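J.: Structure in structure tokens, see below.
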Amino acid sequence: MKRMALILMCALLSGCATVTVSREGGTMVNIENSGWYLLNFIPIASGNPASPNSFSTRLFSKTVTLENNVKMLDKVIREEGAVAVRDINSFTIDEHVLLILLKRHAYHTSAQLLMQQDMEEARAEGVSTILPKEF
């Protein structure tokens with residue numbers, strides 16, 4: 001029973017923000033930000049969008065939002081040197097633990113980054129793209 005309580009406590013203190021970039025067959029980005037909520041609305045621990053892919057948790061903050069996922073996507077666009085984005089998809093997942101007492105809420109965002117050479121191919125295909133603000 002003590003071991004189960006320890007595992008539950010570690011889970012509560014681990015909100016997570018991750019950014020994964022795949023460069024095989026084009027540059028794809030997958031972003032996930034998750035957090036734990038008490039009684040479905042009180043944030044306990046959430047991922048830190050300012051430092052994804054690190055063991056950094058924001059306690060008592062609601063950082064699991066589409067806005068934060070878009071900020072992380074914008075940062076990846078700049079770091080990778082992409083000139084446009086297409087096929088953006090966002091969705092949420094809710095997992096209830098201990099009935100209504102605890103909930104894990106996760107926001108997922110994925111997109112394909114287009115580099116300069118990809119832009120000509122996309123225009124030839126007639127596919128719409130979204131340019132970042134500064135372009």
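The values are calculated or read from the model by the stated rules, or taken from the named source; none is laboratory data. This one's a predicted model, so the numbers in the text were calculated from it and none came from an experiment. We place every Cβ from the backbone using ideal geometry, glycine too, and count neighbours over all the protein chains shown.
J.: Quickly run through the range 16-62 and pick out the residues that are surrounded by 12 or more Cβ atoms within 10 Å (Cβ to Cβ) and acidic (Asp, Glu).
T.: 32
J.: Report yes if residue 22 is without any contact (Cβ under 8 Å) to a residue 12 or more places away in the chain and touching a strand residue (DSSP E or B) at 6+ places or on another chain (Cβ under 8 Å), otherwise no.
T.: In short, yes.
J.: Within the range 76-94, how many residues turn out to be of a type in the set (Lys, Arg) and more than 13 Å from residue 111 (Cα to Cα)?
T.: 1
J.: I've got another one for you. Within the range 71-116, track down each residue that is buried (at least 19 other Cβ atoms within 10 Å of the Cβ) and of a type in the set (S, T, N, Q).
T.: If the condition is that a residue be buried (at least 19 other Cβ atoms within 10 Å of the Cβ) and of a type in the set (S, T, N, Q), then 109, 112 are the ones that fit.
J.: Within the range 85-123, how many residues are of a type in the set (Gly, Ala, Ser) and modelled with pLDDT under 75?
T.: 1
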